[in-house]
Structure formats: structure tokens, C-alpha cells
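Readers should treat all values here as calculations from the given coordinates under stated rules, not as data from a laboratory. Only a predicted model underlies this, so the values are computations on that prediction, with no experimental measurement involved. When we count neighbours, we look across all protein chains shown, and the Cβ atoms used for this are built from the backbone with ideal geometry, even at glycine.
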Amino acid sequence: MNTHGMQRMTRDGDRRAHVLFGHGFHRRTPRIGPSRQGFFGLAHTFTPRATLAEGGFNATPHRRPSFLILASLCALGGCDHRPLSTLDAAGPAAGPIVSLWWAMFAAATALFVLVVGLLWLAYRKPGYAGRISVRTWVLGGGVLMPIAVLTVLATYAFYLGERLIARSDEQVVQVQAIASMWNWQFRYPQMNDAASTPVLHIPAGQPVDMLVTSNDVIHAFWIPRLAGKIDAIPGHETRIRLQADEPGEYEGQCAEFCGIGHTHMQFKVIAHAADEYRAVVPRNAAP
Amino acid sequence: MNERVSPIALHKALERVWGSGHGWQRLSAVNHTVIGRRFIVTALLFFAIGGVLAMLIRAQLATTRSAFVGPDIYNQLFTMHGTVMMFLFAIPLLEGLGMYLLPKMLGARDLAFPRLSAYGYWCYLFGGAIIVASMLFGVAPDGGWFMYTPLSSATYTPGINADIWLLGITFVEISAMTAAVEIVVSILKLRAPGMSLDRMPLFGWYMLITAFMMLVGFPPLILGSILLEMERAFGLPFFDPTRGGDPVLWQHLFWLFGHPEVYIIFLPAAAVLSTIIPVFAQRPIVGYRAIVIAIVALGFLSFGLWVHHMFTVGIPHLALAFFSAASMLVAIPTAVQIFSWLATLAQGRPRYDIPMLYVFGFFIVFVIGGLTGVMLAVVPFNWQVHDTHFVVAHLHYVLVGGFVFPMLAGAYYWLPHFTGRSSVHRLSVPAFWLIIVGFNLTFFMMHLTGLLGMPRRVYTYAPNLGWEGLNLLSSVGGFAMAMGFALVGADFIMQLRFGRRSVRNPWQASTLEWAQPTPPASYAFASLPHIEERADSIDVPKLSPTLAAGQGYLGFVRDERMETLGVDMVTGRLEHVMLLPRRSYLPLISGVLTAACVLGMLFKIYWFAALCALAVIASFVAWSQVNAITRDLGPMEVGRGARVPPHTEVEGSAPWWAAVFSLLANATLFASLVFGTLYLWLVAPKWPPAIVVDLGLWALVALIGYLGHFLLVRRAIAANAIGKPSAALLMLAAASVAQLAVLWILLARIPDAPSHAHLATSFALLLYAAIHAFICLTLTLNTLLKARSGAISPQRRVDLSVLKLWFDYAAVTGVIAVALVMLMPELIGMLPPS
Amino acid sequence: MSQVPPRRLLWLTAGFTLWAGAFLALYGVNAVGCAFAWPSALQRGVLLTLLALHLAALGYLAWRCWQLRQSHGRPAFLEYVGFGATISALAATLLTFAPSLVLSLCD
């Protein structure tokens, strides 16, 4: 793993390797400080094999990517350079969601094939299809099968949701994000209220709570590679927890329509190595 | 009446009474076939407009950094695309189809309130025209089709754009509400005798549930729109966080409507499928009872999903989990229907034809949409793809797959009924393939662009994000799909102009609409059937000629009146004759006056709007007075040896039930207002307020006044029973005036309503009570007029029953409103000081 | 179905009306509890009590529907679908609100 400083650009160089080995999959082990275990959930579940020594932070089972699908779709889209891709997860708030997506995609494909297959069967092999009893069709297919699938899905969904939420009673680095039409300002309340920056500076390898609000209309704070999004609502402060495993640059954007300038309301995120973080912010902040 | 008339003579007599006239006279049409077709054709025109808007969007997004349109126009394009498609195409199309088909399938001559249907159409046409015309003036709404605040508030959208949306949509929603009331009442009361609920075709069940959903689902939006317009026009802060309002309240109110809306759109399409699939499987539907249970479940469950549009707002995880679980559960009734349809095909002898092509298309496209919907119900996944093109993909898969495709199947299926001609198939098949291939090319890619981070509502994108190739494919697909739709349009026109005369019942279906001449006559059935079996297993070739010969019920014309039959809701036992009003220009006049009122509010000429509003009320009074039955008719012959009273002389007739269901919708609106008040108290920023409302003793006067109303209206009913209602009605009117005065005093006690949401919500609650006092006054005066003109008697008492409903409703909601405003200081006291 | 009171139609809707009631109660109580910072044990206790009450009411309703079904030889239509709707509502209530047992109340 690299130990470069804060200026490492994730969009250079080793992208091709990522394409070959399954682009967009979070395969790196997370870098965590010794005292930050388990903020993204129960540390004892699903510990991946190579990271036991470092503490099971990225507690997801390893995904088996659909190389073929992704490669062919990538050929269309040009996958070299996707700073806003949710599939190119760079932290434990985004990684498990990617795995979940692929699992759901696989299950959905199977169910789709089932339904279309049954339709085909009804037309092409009426004798066979006709012998399935009404009860099996309606109760089995319509009720029992969906309940089974959905219970599994819902259980995992709630479990993952619990892991990802930013609990208000935990001690993490906090950064305020203030949205306006049409730019972002970030304040650092734990750094003697160091004045704001238009670029988001966060420490790498540890969870960060974003406290988000707006000065005017509803916007949304979103760094796709690091976490889901949270709305920036005037009069309220919302909270989201994210983490960049590696130092480097990431991209964020406003994800709630906010008028003429919505399309251009992007922001840059720079994750610094933990030891450099405390120095970086006052240096970059506007007075 | 007793002598046998020839079918031709009967046809002529009925046509004379039921016909809609020629030329300009058609403006007075109230016939369900005419109005239903108007809704459908107008909806298809709006679909074309929405489609052109979509093509402009795709043209802009086809390449990166395109200079086709700038963000100001683009924002209008996507807002209008969504608004036109959802409000001006989908809902009116299903209303029109329901209006056209329901009386025919249920064995009635018309819907319960023909003039109301016509009025609804004019409201739709004029409201839609206002909204679409705004594009020509460059002031089209541009805040997204769901118009989130504060972006859509006066501060950030100072122009008239948002007002056009708010007023225009509310205007169009009048037609949705009138259609909903009419459909519910017609399905429950106006079926053919013998058609108990379990013999009703599934189409009837679906439309019944859809209409109930509309009654309960639209009012939150109507309330929200009214509140937002009041905020924009008069500064009352319901959604402004700087003054104690909350922008999230708008989202709750909108999506409380918005989510049921999409099931309101889906269910009639499923109704079409449940009607068509058995015909093409050549056997009755499998799982009739399971489907009924499933759609009841769907109707309710769909009201518990709305927060899944708001998963990123910052609501606690447990609350999100309720909505997530319900959103997944809703897949089960949907699956029950899908597997029932598959079972029907599997256990039948399925055949191919053009409608089935679109049914296949439905299975493929809608199932994909449903599967991505379950994915979106998963909260963590939603946090990533919310507000991206993944959602755009999902919503188009379910709406096009789940509504457009079944409706196209229905169109090809019923076009021989509409036109009496059969299709020229050359165009139909290539059109289908263009549409389905084009559709998938357009929208499948969007799943990926969304996952790759492309948000919604961006007018362009940077070249280095991996979105260009996919967007170009989407745009190409979009144009292919548009060509397909154009071919379908051409196909319909070809059938209309050049199709061969079709045989009756070309699909050998067994529902009642095929047991009449096609295209249908204005009176639908020359005589009405008695139903002995389930109404989707009718022996059409045997039944048709007997009905045409007048051998069913009401095979005659009496006193130049339009009549149909009313039955018991559950058993279908014959109960009464429904006397319907003949064609009239009044609906058009009311529609024009309502449009004038809306335009007055739009341009902020409020005295003019108020004047027009009074004129509208006067026109409704005219509706009520014209066509009034001025004598007791007693039991009347209806054919087949039966004699039943007219609807004016029974309990539980259509007008009474219409009042009940209208009040159900009204109650939902009031409940939304109460919810909004309590929501702001609990959650909004900048509470507690500096000033708190103090109603003083006048509040008690108001409460006592309501008790008085409760007693007085019953007195009026008792007075009518002995034939002397006028004095009691006059007293009731005086009491209403007094109550109005008291409420006015209460309203005046609210200081500076624009300064804080507490004051604004208190004002809104009392205003609601005052408006209802005014409505009760108007109804009382109307009833008094009818009493003086002889339209009311101890037997003909439905007007008084309706009056009682309104007074009781006004009293209950009035008491709650006043009590809540009285309670607010206590509730505010519980809040931590700011 | 010869003599069936229109009230019988309400059997179709009673179950899901209870589900809707549970939704209002639990969502509302959760919002109030979080706004007034109730202790979480109390809040969860109230939620689960409300849920139990609704489930009990639904159970009772289902049992009455079942009795009604059995009182006719072959279950008539409204009794059948009424029972089906009530059972569905019972299952829906259980599944929708089961998360109240474990999930974070106010985060």
C-alpha cells in the first residue's frame, strides 16, 4: 500500500490494472489508526482474511465482480477515469454498498430470467406449465418466494444501515459542510473554528462526520466514492459518516436540484495522512 | 312502455334522449362515451408534447458540454416533461379509460354524475392549456416536477413559473377528484342488477380501489399546493425555515401524494392486463379472489411508502426502516398479480396478437422496473443512487413498462370498440419493436450512468466521467422510441380512416362492453341485463340481441329522461332508478368561470378571482336547481316485471354517497393540515415562536356554535319529514352566518400571520373552518331554494341528508381546528426554549 | 350472497386500516420521542407496546373473520377476501414494524 503524502492523484497510472483486475472494486485493506476500530460496525463480523492483523474494519465479504459485464459496459463508457463512480469505492462507507449492488444485481437477473422463463414456458410448453397448480403459482410464486427473498434482503439492509449511520454519541473528526447557491464551504469546528475552505480536507484512514447544512435552498452533499449522500437542508443540520481509506483527491458534487447552477456545484476533496492533517487545514483556510 | 318496440325504433328513441347533438351542441355533451374519449384523446396529445420535451432533453444530453440549450431552458424542459407526463397524460388517460369502459362493463347506461364528468374534462383541458401555454411565454415551471421548497418559494423563484404549476395543477386536480368520486359511486351503485361484487369484472375492482386511492392520495398535494401558493402570494411561512416553517414538510405532503400516485397510475394498467390476458388465454382469469386481496393490500400499502423518496433527508434509521420494509412488502401483491397472469396463460390456450405483444413488453420491462424498485427500497443502496439517473431508469421502467405498455395493449384491444374498425397490421409490429428496443436502449444505460455518479437534472456533464458513450446511446434510443410512438399514432389514425368495418367482438371476449354495437351508441345499452354469472364470462353473442331488442331492464324511454339502474352495493340487488340529467352547457360555463378564477389568482388580481369564484358557486347552484324533480314519483316500472322508486326517494342513493366520499377526500385534506401543524411544532427550526395565538373566549363561542349546528340541522330534517322545511332551513342559514362571523373574529385575533409558522398554521386552520362555514351556508341557501321550488318533499329528502353530512363534517373539523389552535400555546410550552 | 349488509365491505378494509393506524402511531411516537429526547428504553418500550396492541387487534379480527368463514358452508366471497386481507394485514404489520425491536431510534 502506498504511503505517499496528500498529493497523490488517484486518477493516474494504475487505473489500467484496475480495469484488468475488476475496476471499481474496493480491494485494498483499510488503513486505520489503532484507536478507531469498529466505527463502521461490528468488528467481529465478516472479517476478510488478509486484514485480521490490522483489525477488521472493512467488514464485507469479498465481492466476485462480474468482469464481463463491467468490462463491456466500461468499453462504452471509458472507464479510465471515473472520479464520481459509486462502483469505484474508496472507503468502508461505500465499499459494502458496491457488494450489495452486485448481489442484488445477480438476484434480480435470476428472478427476471425466472419470470420471463415462465412466460416462455406458458406459450411454448403449455402442458407442462399447465400442470403447475394454481396454489403454487399464486401462493408459492406470488407470496412465499418474494417473502423469503425480501426477508433476507431486508435483514442485511437494516444491518448495513445500522453500521453506516453516524451515531451522535461517538467521538470522530467533524467537518461542517455549508452549501449555498452554488458552492460549498467547509468549516472545521474542532480546529479552533479554523475559518472555512472551499476544498474539503479530511484525514485519511479514519471516519469523519460531515455536519451538513445549507444557507438557502436544499442541496445534497455527495462524495460517491466515499459514501452515500445526505441532503443539506436550511434550518437543519444533517450528518453523514464517511472515510477515505487512502490519502488522495476525490470528487464530490451537489446531488439535489438547486437551480441554474446545480450542474456546476462540484467540490474537491483532499484526504491527508493523519499526521499531516492538523497542519494542513489552517494553512489552507481562508482567514 | 308495455308494447314491444322494434330495435330500430328503440334505438331512435334512446338516441334522441341520450345523444350529444351536433356541431356546437357537442360542447354540452355529458355522455360518458364522449367525455371518456375526449379525456383519452387530449391525454394522448399531452403525451406527444411530453415526448417532444423528452427529445429535447435527450438532444441536450447526447454529448458532453452540449450547447443546445442552457440551464434556464433545460430546467423548464425537464420540469415540464415530468409535469405533463404525470399530471396531464397518465392520470387523465386512466380516468378517460375508466369513464369510457366502466358503465359498459358494469351494465349501466352512464356514470352517476354526467355533468360532473363534463366539468372535470373542462377543468383538465383549461388547466392543462394554462400549464403548457406557459412554455410559449418562456415562463414554464422550472423547479422540477416535484417543486421542492425553498427553491420553489418566492425568494428563489420570484417569477410566475411556480405559481403556474401550483395553480394549474390544482385546477387539473379538480378533474381527478371529480372523476374519483364519480367512479367510486358508479361502481358501487350503478351496476346491472344481479351483479354482486364477486360477479364484477376485475376491471371494476381495480378502478374502485384506484378511485379510493385518488380520493385519499390527492388531497395532501392539493393542500400543499394551496399552502405554498399562500406562502408565495401572501407571505405565510409554512415551508420557510427562517420563520418557523420547514422545507421538509413540503416533501412529506408531496410524496404522501406522489407515491400513491404511481400506484394510481399502475393499477388501471393492471386492470387492463387482467381483462386482456384471460381473453388471449381463452379462459377466465386465475386467482380472481387472490387478486382482489392483493389490490386491496396494494391500495393501503402504497400509502406507507412515501418516505422512500426522502431517505437522504436525515430521518432516523428506525423510521426509514418502516418505509423500507413497506416498500419491499409492496412487491408481494404485485407478484401475486404477475403470477396470476402467468398462471392464466399457462392454464389456458394462449394465442398471439398485437395486444399480446405489448403484454410481453410489459412483462419484460415492468419486471425489471420492479426489481430495481426493490433495490431502491434498500436504504444504504438508496443513499448512493438517490437523485441519480439510476432512479430515472427505474421510474421509466415501471411507468412505461407498467402503464404505457398495458395501455397500448388496451388501445389495440379496444380500438375496434372505439372505432368499429379493425386494425391495419402493417404498422403495428414494427412500431412495437421500435418502441421496445428504443426504450431499453434509452433507459437501460441510465442504470449505469447513475451508478457512475450522474445526478438527475444536470444540463450537461464533463467529458472525463465515463458518461458520454452511455448518454449518446440513450439519446439514440430515445429517438428510436419516439419514432415508434409516432408510428403507433399513425397506426391509430390509419385504423380510424381506413380500417375495415370490424365484426362485433373481434376478440371473442366475454365482458359486457362487447354486448353492444361498436362504435357504441350514446345510450350504451338499449336495455340493461340481469346478471346471473360472473361478468367476465358473459355469453356475448346470446346476450347482445336480447338487449338490443329491449328485453332487458329499461328497454324504453320515459318522459324524455335518461335513466339507469341503482343497485345494492354488495349484492347487486335492484334498488332504484337513477334519473340522470340531460346534456347541458352548465359544465362548460362552470369550467370557464373556474378558469377565469384561476387566471385571476395567477395574475394576482384577487378581487376578480373572488368575483369569479362567486360566479362558479352560482353556476353550481344552477346545476342543482335545473333538472330538479318536482314531484314524488313513487315506484316506477323498470321492465322484467320490476318496480322500484327513483333515486330521489331512497336512502343511500348516488348523490348521498358522493357526498360521503367527497367528505372522505376533504377529511384527508384536513388531516394533512393538522399533520402539517403538528409537524412544524415538533420538528421545524425557530420554534418556540415569539408570539403565541390567544383566541380568548370567542373560541368557546365558536365551539358552542358548532353544537348549535349539530342540533339545528337535525331539526331541519325533522321539519322536512312533516313537509315544512323552509323555516328551519332559514334558521340554519342564519346560524351559519353567525358562525362565519365568529370565525372571522377569531381569524382577526391572529397577529401578523406572515411572521411565524405558528401563526400561519393557526390562520390556516381557522380559515379552513371559515370556508366550511361558508360552504354550509351556500348549501343551506341552495336547499332552501329547492324547498321553495318544490324539489324537496318528505319523500325527496336526499338534499337534506347531504346537508346533514356537510354540517356534521364542518362541525367535527371545526371543533378540531379551534381546539387545536386553543391547544397550541400548551404544546409550545412543552418545547425547549430556543 | 342474498342478504349481506354493506358493512360487510368494511371487513375488506379493517385489517389494513389497523396497519395504517400502527404506522401512524409508531412513526408519530418515534418522532415525538426523538424530538423530546426520551430515554431510549422507554421509547422502544412504548413502540413495542403499541405494536403489540395493534397485532392483538389484528389477531382478534383475523379470528373473527375465520369464524365468519366457517359459519357458511363454502366461504362466501366477501368472507374469503376479508379473511385474506386481514391475514395479509397481520403479516404486513409484523414485517413492517419488526425493526422496532433492534434498530437505532433517533440516529
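Points worth noting:
- Disulfide-incompatible cysteines by the Cβ rule (no partner under 4.7 Å) in chain B: B:Cys123, B:Cys776
- Karplus-based coupling profile of the range A:134-146, in residue order and whole Hz: 4, 4, 5, 4, 6, 7, x, x, x, 10, 5, 4, x, with θ = phi - 60° in 6.51 cos²θ - 1.76 cosθ + 1.60 and x standing for Gly or Pro.
- Computed E for B:Arg714/B:Arg351 - FRET, C-beta separation, R0 60 angstrom, nearest 0.05: 0.45
- Segment B:Leu707-B:Val52, extension gain: residue separation times 0.36 nm, minus the distance between their alpha carbons: 230.1 nm
- Among C:Thr17, A:Thr197, the order by Cβ neighbours within 10 angstrom, fewest to most, reads C:Thr17, A:Thr197.
- With the alpha-carbon atoms of the range A:112-234 aligned to their principal axes, the span from lowest to highest coordinate is 76, 31, 25 Å, starting with the largest.
- The range B:93-234 - convex hull of alpha carbons, volume per residue in Å³: 107 Å³
- Peptide A:140-148 is shielded by partner chain Cβ atoms: per residue, an average of 6 of them sit within 10 Å of its Cβ.
- Descending Cα extents along the principal axes, the range B:687-829, whole Å: 56, 21, 20
- When the listed pairs B:Lys189/B:Lys542; B:Lys104/B:Lys189; B:Lys12/B:Lys104; A:Lys229/A:Lys268 are checked against a 22 Å cut-off, the alpha-carbon distance exceeds it for B:Lys189/B:Lys542.
- Shape analysis of the range C:1-70 based on the Cα gyration tensor places the equivalent ellipsoid semi-axes at 34, 13, 5 Å, largest first.
- Positive-end residue, chain B charge dipole about Cα centroid, Cβ charges, pick of B:Gly194, B:Phe322, B:Asn464: B:Gly194
- ³J(HN,Hα), Karplus 6.51/-1.76/1.60, whole Hz, each residue of the range C:28-43, x for Gly, Pro: x, 5, 4, 5, 5, x, 5, 5, 9, 6, 5, x, 5, 5, 4, 4
- Global dimensions of the range A:173-280 from alpha-carbon coordinates: Rg and Dmax equal 12.8, 40 Å.
- Cβ crowding within 10 Å ranks A:Val134, B:Val185 as A:Val134, B:Val185, fewest other Cβ atoms first.
- Förster radius 41 Å - calculated FRET efficiency between C:Ala35 and B:Leu700 (Cβ-Cβ, nearest 0.05): 0.85
- Once backbone amide H atoms are built at 1.01 Å from N, A:Arg239 has A:Val212 as its partners under 5 Å, excluding neighbours fewer than 5 places away on the same chain.
- Whole-Å semi-axes of the protein assembly as shown's equivalent ellipsoid (Cα gyration tensor): 51, 37, 28
- Extending 7 Å from Cα along the Cβ direction at A:Arg135 and again at B:Ala490 yields two label points whose distance is 5.4 nm.
- Computed from the C-beta positions of C:Gln67 and B:Arg558, the FRET efficiency with R₀ = 45 Å rounds to 0.45.
- The smallest convex shape that holds all Cα atoms of the range B:126-168, its convex hull, gives 57 Å³ per residue.
- Whole-angstrom gap from the range A:207-230 to the range B:297-334, using each part's C-alpha centre: 23 Å
- Net charge dipole size for the protein assembly as shown [Lys, Arg +1 and Asp, Glu -1 on Cβ; Debye, nearest 20]: 3060 debye
- Inter-probe distance in nm under a simple model that places probes 7 Å from Cα toward Cβ, at A:Ala103 and B:Arg500: 5.9 nm
- Mean-position separation - Cα centroids, the range B:34-68 and the range B:686-709, in angstrom: 50 Å
- The range B:1-135: translational diffusion in µm²/s, Stokes-Einstein, Kirkwood Rh over Cα pairs, 4 °C, 1.567 mPa s: 74 µm²/s
- Solution diffusion estimate, µm²/s, Stokes-Einstein, the range B:563-670, Kirkwood Rh from C-alpha pairs, 25 °C, viscosity 0.890 mPa s: 147 µm²/s
- Estimated distance in nm for a label pair at B:Ala549 and A:Asp169, the labels positioned 7 Å out from Cα along Cα-to-Cβ: 8.4 nm
- Database remark: amide H of B:Val577 closer than 5 angstrom to the amide H of B:Gly566, B:His647 (H placed geometrically; neighbours at sequence offset of 5 or more, or on other chains; Pro and chain starts carry no H).
- D (Stokes-Einstein, µm²/s), Kirkwood Cα radius, the range B:478-529, 1.306 mPa s at 10 °C: 116 µm²/s
- Computed over every Cα-Cα pair of the range B:382-459 and binned at 5 Å starting from 0, the pair-distance distribution P(r) comes out as 3, 14, 18, 18, 14, 11, 8, 6, 5, 2, 0 percent.
- Backbone phi angles across the range B:110-126, fed through the Karplus curve with coefficients 6.51, -1.76 and 1.60 (θ = phi - 60°), yield HN-Hα couplings of 7, 7, 6, 10, x, 5, 5, 4, 5, 4, x, 4, 5, 4, 4, 4, 5 Hz in residue order; Gly and Pro are listed as x.
- Put simply, the amide H of A:Ile218, placed in the peptide plane, has neighbours under 5 Å in B:Leu151, leaving out anything fewer than 5 places away on its chain.
- Centroid-to-centroid separation of the range B:160-236 and the range B:641-667 [C-alpha atoms, Å]: 19 Å
- Here, chain B has an Rg and a Dmax of 27.2, 84 Å when only alpha carbons are counted.
- Counting all C-alpha pairs of the range B:251-330, share separated by more than 21 Å (%): 40 percent
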